[in-house]
Amino acid sequence: MGKYIPATPEERQGMLEAIGLTSTEQLYDVVPASVRVQELHLPSGLSELEVSQKVSALAEANETFRSIFLGAGAYHHYIPAIVKSITSKEEFLTAYTPYQAEISQGVLQSIFEYQTQMCELTGMDVSNASVYDGATAAAEAVLMCQERKRKSVIVSGAADPQVITVIRTYCESRDVPVTVVPAEGCATDPAAIRALLTKETAAVYVQNPNYYGVIEDVAAITNAAHEAGAKMIVGVNPISLGILKTPGEYGADIAVGEGQPLGLPLSFGGPYLGFMTCKSAMMRKLPGRIVGQTTDHQGRRAFVLTLQAREQHIRREKASSNICSNEALCAMTASVYLAAMGPKGLRQVAESSLSHAHYLAAELGKRGFTLRSGDKPFFHEFLTDCPVDPVVLNAKLAEKGILGGLPVDGGILWCCTELNSKAEIDRLVSIVEEVCAQ
Amino acid sequence: MKLLFERSCPGRGSDLLPPCDVPVTQLPADLCRESAPQLPEISEVDLSRHYTELAKQTHGVNDGFYPLGSCTMKYNPRIDEEMAALPGFTNLHPLQSLDTVQGALEVLHTAEQYLCEITGMHAMTFQPAAGAHGEYTGLLLIRKYHQSRGDAARTKILVPDSAHGTNPASATMAGFTVVHVPSNAQGGVDLDALREVAGPDTAGLMLTNPNTVGLFDPNILEITQIVHDAGGLCYYDGANLNAVMGHVRPGDMGFDCVHINLHKTFATPHGGGGPGSGPVGCKAFLADFLPAPRVVEKDGVYALETPAHTMGQVRSFYGNFLVVVKALTYILTLGKEGIPEASAGAVLNANYLMKKLADRYTMSYNTLCMHEFVMSLEPQSHAIGVTAMDIAKRLLDFGIHPPTMYFPLIVHEALMVEPTETESRETLDEAAEIFLKILDEAEKDPEGLHAAPHNTAIGRPDEVAAARNPILRYTAP
């Protein structure tokens, strides 16, 4: 029996003798006796069958929903079969960061392709190979904008609250002042941002579509930021860019976002994918791995990790970021997803999500669930009033196998994707009607 | 080989979605992008073959020996993958009501208990998504602790000169100034130098033990004592935990907080550079500063709690949850017997391979090592002009992933070798023969070695050109 150790006890004894020892214990003679562990207080090891049963029972102790109307930072989209099939290939799964380019062209090329797709999607010039998630991407973007005399950041209060919290954490330790502009009617007021901009403002962060699904007046905010000499960072939902104007088109300096909607399952919050793209001018401030194209000595096209002078293993305490491992396999997942979908498929996902959300909003509107964002344009999420207690409503929906929207400020933040068919929406609405009538 | 974009042909693709079944919403034109993104249009068969070809040009643990020092490239068990792919985990929305995610919370809670036992800590967060992210989180714990005591003078983090680059980079991100501590002749921390720099401005020490030259620092109890006496805290970089699990615990060595790389020590795959997971454990007195939320259990029911003086969040939700599922599966499989056995196996394999190479390769330290050892090609470099890089590149021709090159910085022409416990004696014997054969080649024909590798998809790439004229995306001709 072995726990992934091929050497038998006899082989181990032989190897010990080969290095001049008689027992395994001697390998640890250097450890002070007073702190040597006698026995770990853990259960004994189990067979694969037993482990499988035990962990499966944990999975089954969760309730999963076929019909999901909850978004708020994690989105339920269809994942084409080819995506999982490709990303579970053992070569991709078990490789390390591609330091040795000669035997890592596969991973390196896939990252180069991912970088290209993210630039296309966001309309920007340069992409890195990924960071941990959308929230850390936003925080890293804020740190990218630090200049000697410009430190502070203005953050839209209509952004995802978790993103704002992570930005605050990253900024606090670097003494970067953060001002959050409260949302007005589920949106950011460009005038409120303009009023706060000073000569010390390094950057403005706005999410579009924002946490409430509203499509912001990003062009006005970008202009205001630039007029004051500050950088514009925009957090985007990558699916929305199948339709919406790109950060490049309205002149943002950095685009970041949560890449999970691009083929990654909900997975209770992770692994997810933080993407970051920027204008060429900021290329050398971008954190994380970046893959570049070059040639080998025979002139053949080759891909390598490049611009490493930014990174921790070269610059140490002067590095642009401490990031080492990123989310490479998640980036490959997004890349395969985008290739499988193609430009038409991506547009279809965006259009279906948008249209389902608008259909649901209209149906709910007829039943007293008034839009809190008024007539502002929205993408695939929207916040409504809730004539009954949202927690009670969600409990009733759960009984019918439906995961309702997120209770927010006494209302509900709803989300639709291409997976919420008309029949599913109609069923939701009829149950909502029943609950409200009770 | 061709890029995805070079395989694209307008009009190709797959019917993946039904037509929209509600009236299509039209947004005002000024909100919409002017043209579609130039994504490849590709048939499913071409897409499938494209990645099969890319996979053939990727060396993973499953393709062969991978003794990449400091990265712990052990075998990634298949059952761990199968468990993490269970729909009861993958289809869970992170914001579902807590009564519907009790199994997932139990995963986090149980993994916390087990990993705290292994590291000698009292509380843990899974929010950090990688080792460096864990370092950052641990340093914020230290920062919050000193702040809570009104001790604003503690602005310096002590880092040995043998440390990973992430240590000083993380310290800077956490708002500290880095003070380097020199190593002694045995590769450990120079105690006198440490005493000299430890003082009222010391926030803490970051230490990897065993360190990056693969040696356990026998003075560890004195080291942590010196830092504590000066009023600082001790941070354990868990990068090399695979050497000592079940034999000695960071908590017992005097460390106050620790990060673990689940993607090294706990056998979860590296994915070509992530997703990893870098949970951070701490002693009870630091638990109130941990990121929010934390999983708590009462009478068999799991809930989420915000620690009293939380640092906030370092990532969204609960970190890389599926990676934690894999690590928990691994711990359940190994158990209290298998965990120390894995570490002992890693140390045995490293010493066995070192012994086989020691007659011909110069070992940096002439003593038993832990889970890895560092050789120096400095003698060959001076005598025949063959470098660590040349040896590494020639190894590629034999299907072996080279050791870590030119690290740690305190050893010149370094090759850092970490075989891990999951390699058999035959694999180590064969690898040793290849290492020795390459040295023979180097002595006979040093020039020939500069041209290696010969059998790989590409030869040595021009990295200087890549950085000088960056081409970072495909552009259609």
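The values are calculated or read from the model by the stated rules, or taken from the named source; none is laboratory data. Bear in mind that the values here come from a model prediction, so they are computed numbers and not experimental data. We place every Cβ from the backbone using ideal geometry, glycine too, and count neighbours over all the protein chains shown. For the accessible areas, the whole protein counts, side chains as well, though only heavy atoms, and no ligand, DNA or RNA atoms are used. Shrake-Rupley method; radii C 1.70, N 1.55, O 1.52, S 1.80 Å.
Figures for the structure shown
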read-out: Members of segment B:407-421 that are modelled with pLDDT under 95, within 14 Å of chain A (Cβ to nearest Cβ) and surrounded by 17 or more Cβ atoms within 10 Å (Cβ to Cβ); value: B:F407, B:P408, B:I410
read-out: Verdict on B:V417 being within 25 Å of B:N211 (Cα to Cα), among the β-branched types (V, I, T) and touching a Gly at 6+ places or on another chain (Cβ under 7 Å); value: yes
read-out: Set B:F255, B:F317: member being surrounded by 19 or more Cβ atoms within 10 Å (Cβ to Cβ), assigned to a loop (DSSP other than H, G, I, E, B), on the phi > 0 side of the Ramachandran plot and of a type outside the set (D, E); value: B:F317
read-out: Test: residue in segment B:81-103 that is closer than 20 Å to B:R249 by Cβ, crowded, with 24+ Cβ neighbours inside 10 Å and at pLDDT 95 or above; value: no
read-out: Conditions (1) part of a loop (DSSP other than H, G, I, E, B); (2) at pLDDT 95 or above; (3) among the aliphatic types (A, V, I, L, M); (4) crowded, with 23+ Cβ neighbours inside 10 Å; number of the one not met by A:L419; value: (4)
read-out: Any hit, segment B:425-432, residues being at pLDDT 95 or above, out of contact with any Cys (no Cβ under 9 Å at 6 or more places or on another chain) and farther than 27 Å from B:E341 by Cβ; value: no
read-out: Identity of the residue in segment B:11-51, assigned to a loop (DSSP other than H, G, I, E, B), within 30 Å of B:A457 (Cα to Cα) and not aliphatic (A, V, I, L, M), that ends up farthest from the other protein chains (Cβ to nearest Cβ); value: B:S43
read-out: Subset tally (residues that are exposed (fewer than 14 other Cβ atoms within 10 Å of the Cβ) and touching a Ser or Thr at 6+ places or on another chain (Cβ under 9 Å)) for segment B:288-304; value: 0
read-out: Selection within segment B:287-314 - in a loop (DSSP other than H, G, I, E, B) and either closer than 19 Å to A:C171 by Cα or touching a residue at least 40 places away in the same chain (Cβ under 8 Å) (or both); value: B:L290, B:P291, B:A292, B:H309, B:T310, B:M311, B:G312, B:Q313, B:V314
read-out: Members of segment B:52-86 found to be outside any helix (DSSP H, G or I), closer than 30 Å to B:T404 by Cα and hydrophobic (A, V, I, L, M, F, W, C), listed by number; value: B:F65, B:L68, B:C71, B:M73
read-out: Segment A:242-263: number of residues that are within 26 Å of A:S320 (Cβ to Cβ) and open to solvent by 10 Å² or more (accessible area, probe 1.4 Å); value: 5
read-out: Elements of type strands (runs of 3 or more DSSP E) in segment B:127-207, at least 3 residues being surrounded by fewer than 23 Cβ atoms within 10 Å (Cβ to Cβ); value: B:177-181
read-out: Flag if A:Q293 is part of a loop (DSSP other than H, G, I, E, B), open to solvent by 10 Å² or more (accessible area, probe 1.4 Å) and within 7 Å of chain B (Cβ to nearest Cβ); value: no
read-out: Any pair with Cβ under 6 angstrom, 6 or more apart, that starts in segment B:167-185 at a residue that is farther than 19 Å from A:A139 by Cα and ends at one that is of a type in the set (S, T, Y) and at pLDDT below 95; value: B:S183/B:S162
read-out: Candidate set from segment A:40-68 (those that are farther than 30 Å from A:N420 by Cα, touching a Leu at 6+ places or on another chain (Cβ under 6 Å) and in a loop (DSSP other than H, G, I, E, B)); member that is least open to solvent (accessible area, probe 1.4 Å); value: A:G45
read-out: Any chance A:E172 is more than 10 Å from chain B (Cβ to nearest Cβ) and among the acidic types (D, E); value: no
read-out: Where a residue in segment A:31-47 is of a type in the set (D, E, K, R) and its partner, wherever it lies, is assigned to a loop (DSSP other than H, G, I, E, B), with Cβ under 8 Å and at least six apart; value: A:R36/B:H247
read-out: Unmet criterion (only one of (1) away from chain A (no Cβ under 12 Å); (2) buried (at least 24 other Cβ atoms within 10 Å of the Cβ)) for B:F373; value: (1)
read-out: Only listed residue being assigned to a loop (DSSP other than H, G, I, E, B), closer than 26 Å to A:A357 by Cα and either within 25 Å of the chain's Cα centre (by Cα) or at pLDDT below 95 (or both), chosen from A:Y212, A:Y205; value: A:Y212
read-out: Residues (over 19 Å from A:F303 (Cα atoms), out of contact with any His (no Cβ under 9 Å at 6 or more places or on another chain), without any contact (Cβ under 8 Å) to a residue 40 or more places away in the chain and within 7 Å of another protein chain (Cβ to nearest Cβ)) located in segment A:80-117; value: A:K89, A:E90
read-out: Residue count for segment A:219-241, restricted to those that are in a helix (DSSP H, G or I) and open to solvent by 10 Å² or more (accessible area, probe 1.4 Å); value: 5
read-out: Hits in segment A:296-308 (condition: under 26 Å from the mean Cα position of the chain (by Cα) and within 7 Å of chain B (Cβ to nearest Cβ)); value: A:V304, A:T306, A:L307
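Per-residue answers, yes or no, for (1) more than 7 Å from every other protein chain (Cβ to nearest Cβ); (2) surrounded by 24 or more Cβ atoms within 10 Å (Cβ to Cβ):
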site: B:A327; (1), (2): yes, yes
site: B:Y330; (1), (2): yes, yes
site: B:K336; (1), (2): no, no
site: B:V347; (1), (2): no, yes
site: B:A350; (1), (2): yes, yes
site: B:L353; (1), (2): yes, yes
site: B:L357; (1), (2): yes, no
site: B:R360; (1), (2): yes, no
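Residues checked against (1) farther than 30 Å from A:V142 by Cα; (2) more than 7 Å from chain B (Cβ to nearest Cβ); (3) open to solvent by 10 Å² or more (accessible area, probe 1.4 Å):
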{"site": "A:Q312", "(1), (2), (3)": "no, no, no"}
{"site": "A:E327", "(1), (2), (3)": "no, no, no"}
{"site": "A:L346", "(1), (2), (3)": "no, no, no"}
{"site": "A:E351", "(1), (2), (3)": "yes, no, yes"}
{"site": "A:S355", "(1), (2), (3)": "yes, no, no"}
{"site": "A:Y359", "(1), (2), (3)": "yes, no, yes"}
{"site": "A:T370", "(1), (2), (3)": "yes, yes, yes"}
{"site": "A:S373", "(1), (2), (3)": "no, yes, no"}
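Matching residues to (1) free of Cβ contacts under 8 Å to residues at least 24 places away in the same chain; (2) surrounded by fewer than 20 Cβ atoms within 10 Å (Cβ to Cβ):
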site: B:E423; (1), (2): no, no
site: B:T427; (1), (2): no, yes
site: B:A432; (1), (2): no, yes
site: B:D440; (1), (2): yes, yes
site: B:H450; (1), (2): no, yes
site: B:D462; (1), (2): yes, yes
site: B:N469; (1), (2): yes, yes
